[in-house]
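Colleague: The following block contains the structure, expressed as structure tokens.
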Amino acid sequence: MLQCSLLILTVLCVSIQDISGSWEEWWTYDGISGPGFWGLINPQWSMCNKGRRQSPVNVEPDKLLFDPWLREIQFDKHKVSGVLQNTGQSLVFRVEKDSKHQVNISGGPLSYRYQFEEIYFHYGMEDNRGSEHQIDHHTFPGEIQLYGFNKELYHNMSEAQHKSQGVVGISLMVQIGEPTNKELRLITSAFNKVTYRGSSYPIKHLPLSSLLPNTQQYLTYEGSTTHPGCWETAVWIIFNKPIYISKQEMYALRRLMQGSQLTPKAPLGNNARPVQPLHHRTVRTNINFNKQGVQVSSNCPDMYRNMHYTATQWPRDHNIRYRNIDDLALPIN
Ligand SMILES: *[C@@H]1O[C@H](CO)[C@@H](O)[C@H](O)[C@H]1NC(C)=O
Ligand SMILES: *[C@@H]1O[C@H](CO)[C@@H](O)[C@H](O)[C@H]1NC(C)=O
């Protein structure tokens with residue numbers, strides 16, 4: 001009898017602990033608290049349902065616009081320390097607040113200097129889903145998003161995310177394959193330390209810039225954060241090559257759970273918001289026709305007629321890789 005009431009007490013305490021914390025954290029990626037309802041859960045998140053400049057989007061390569069004024073992206077080489085955390089909705093890395101050296105992001109399409117703040121991991125439970133952004137309706141097994149806030153206008157991310165030009169989102173598509181950047185191991189080796197909601201693990205001296213794929217080509221457009229409140233304050237930069245993580249690392253990711261150790265609930269994966277309509281927004285790119293050995297006519301109308309972009313046809317079997325042509329979008333004539 002005593003055992004029984006103890007058990008009931010424990011269960012009660014656990015569920016109280018589960019619902020303590022902010023009710024605003026009660027959003028998910030499916031069911032009645034899923035993406036279609038985010039805008040109804042909290043009045044401050046109304047953009048999730050009403051916004052017309054939302055993210056993620058499906059990029060149509062044949063509608064990409066070449067912009068010769070797009071610059072190279074400047075990304076500080078400093079290492080950062082922070083904490084990897086299972087939030088119950090995503091796997092998130094947040095930089096240490098009192099870090100001496102912050103990582104600045106500037107250049108590219110950005111008019112301001114942004115300060116790196118956090119990384120979100122989106123991934124699928126199967127290889128054919130996972131990324132939030134799509135290229136010609138192709139979904140990648142995962143997407144790693146580096147968020148920074150506008151350091152020139154605002155004090156911190158919570159202030160910047162709902163203000164004009166507040167946020168930059170840098171998107172890295174994730175393919176399964178032999179990893180090319182060893183630095184990613186610093187994070188992937190900690191996946192099994194953050195299995196349950198609320199668990200966290202410190203990561204030291206992460207060289208952020210070496211997580212980026214080896215390309216300066218990118219796609220860019222203006223949209224929103226892909227989690228609530230979907231504020232339309234984000235400049236998105238999608239690098240034109242994926243980064244690679246191994247099958248084993250993907251397996252470790254897929255073992256993460258949405259709940260606590262006692263009530264693990266469902267796996268954390270499949271945490272992608274569905275693509276949102278473009279509503280006449282333009283996706284620009286710095287992928288140059290010249291550099292690919294294709295002559296650009298000085299006559300612009302010709303360029304529109306003869307040149308456009310296409311998506312790389314990815315093999316269905318993720319074990320087959322075409323590393324030499326792993327650009328997301330390619331110029332053709
Ligand atoms: C980043 O920008 C700040 C100014 O906000 C500057 O003090 C700092 O030195 C920059 N960091 C690097 C690594 O250049
Ligand atoms: C962010 O900055 C604003 C404005 O300075 C301040 O009121 C707020 O407390 C800060 N929030 C955090 C989480 O530091």
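The values are calculated or read from the model by the stated rules, or taken from the named source; none is laboratory data. Note that the coordinates shown come from a computational prediction; the quantities given were computed from them, not determined experimentally. Cβ atoms come from the backbone with ideal geometry, glycine included; neighbour counts cover every protein chain shown.
Colleague: Take residue 196 and decide whether it is under 17 Å from residue 271 (Cβ atoms), of a type in the set (Phe, Trp, Tyr) and in a strand (DSSP E or B).
Modeller: no
Colleague: For the range 79-97, give me each residue that is in contact with a helix residue (DSSP H, G or I) (Cβ under 9 Å, 6 or more places away or on another chain) and in a loop (DSSP other than H, G, I, E, B).
Modeller: 87, 88, 89
Colleague: Please find, among 86, 128, 58, the residue that is crowded, with 16+ Cβ neighbours inside 10 Å and under 29 Å from residue 286 (Cα atoms).
Modeller: Of the residues listed, the single one that is crowded, with 16+ Cβ neighbours inside 10 Å and under 29 Å from residue 286 (Cα atoms) is 58.
Colleague: Would you say residue 165 is within 16 Å of ligand 1 (Cβ to nearest atom) and crowded, with 18+ Cβ neighbours inside 10 Å?
Modeller: yes
Colleague: Further, regarding this structure: Within the set of pairs 6+ apart or on separate chains, which have a first residue in the range 159-178 that is under 23 Å from residue 127 (Cβ atoms) and more than 16 Å from ligand 2 (Cβ to nearest atom), a second that is among the polar types (S, T, N, Q) and assigned to a loop (DSSP other than H, G, I, E, B), and C-beta atoms under 8 Å apart?
Modeller: Sorted first by the residue in the range 159-178, then by its partner, the pairs are 173/131; 174/131; 176/246; 176/319; 177/246; 178/246.
Colleague: Please tell me if residue 62 is in contact with a strand residue (DSSP E or B) (Cβ under 9 Å, 6 or more places away or on another chain), at pLDDT below 95 and away from ligand 1 (no atom under 13 Å from the Cβ).
Modeller: Numbers: in contact with a strand residue (DSSP E or B) (Cβ under 9 Å, 6 or more places away or on another chain): yes; at pLDDT below 95: yes; away from ligand 1 (no atom under 13 Å from the Cβ): yes.
Spelling it out, residue 62 is indeed in contact with a strand residue (DSSP E or B) (Cβ under 9 Å, 6 or more places away or on another chain), at pLDDT below 95 and away from ligand 1 (no atom under 13 Å from the Cβ).
Colleague: For the range 40-48, indicate whether the set of residues that are assigned to a loop (DSSP other than H, G, I, E, B) and among the β-branched types (Val, Ile, Thr) is non-empty. So that I can check it myself, show each step before the final result.
Modeller: Start the filter on the range 40-48 by keeping residues that are assigned to a loop (DSSP other than H, G, I, E, B), which leaves 42, 46.
Imposing the further condition that a residue be among the β-branched types (Val, Ile, Thr) reduces the set to none.
So far as the range 40-48 goes, no, none of its residues is assigned to a loop (DSSP other than H, G, I, E, B) and among the β-branched types (Val, Ile, Thr).
Colleague: For the range 218-249, which positions are basic (Lys, Arg) and over 16 Å from residue 135 (Cα atoms)?
Modeller: Result: 247, single match.
Colleague: Still on this structure, I have one more. Hey, can you tell me all the residues within the range 267-283 that are surrounded by fewer than 17 Cβ atoms within 10 Å (Cβ to Cβ) and touching a residue at least 60 places away in the same chain (Cβ under 8 Å)?
Modeller: Listed by number, the residues that qualify are 267, 270, 274, 277, 279, 281, 282.
Colleague: Please go through the range 108-158 and give me each residue that is over 24 Å from residue 258 (Cβ atoms), outside any strand (DSSP E or B), free of Cβ contacts under 8 Å to residues at least 60 places away in the same chain and more than 13 Å from ligand 2 (Cβ to nearest atom), ordered by number.
Modeller: 111, 112, 113, 152, listed by residue number.
Colleague: Also, quick follow-up: When the residues of the range 61-83 are filtered to those that are buried (at least 18 other Cβ atoms within 10 Å of the Cβ) and within 23 Å of residue 311 (Cα to Cα), which remaining residue is farthest from the chain's Cα centre (by Cα)? Give the steps one after another, and end with the answer.
Modeller: Restricting attention to the range 61-83, the residues satisfying the condition of being buried (at least 18 other Cβ atoms within 10 Å of the Cβ) are 61, 64, 66, 70, 73, 75, 80, 82.
Add one more test, that the residue is within 23 Å of residue 311 (Cα to Cα), and what stays is 61, 64, 66, 70, 73.
Numbers: 61: 20, 64: 20, 66: 23, 70: 21, 73: 17 Å.
Checking each candidate, the answer is 66.
Colleague: Let me ask something else. Across the range 143-159, which residue is farthest from the chain's Cα centre (by Cα) among those that are more than 12 Å from ligand 1 (Cβ to nearest atom) and among the polar types (S, T, N, Q)? Write out each step before concluding.
Modeller: First pass over the range 143-159, keeping only residues more than 12 Å from ligand 1 (Cβ to nearest atom): 143-147, 156-159.
If we keep only those that are among the polar types (S, T, N, Q) as well, we get 145, 156, 158.
Numbers: 145: 3, 156: 19, 158: 18 Å.
Once the filter is applied, the top-ranked residue is 156.
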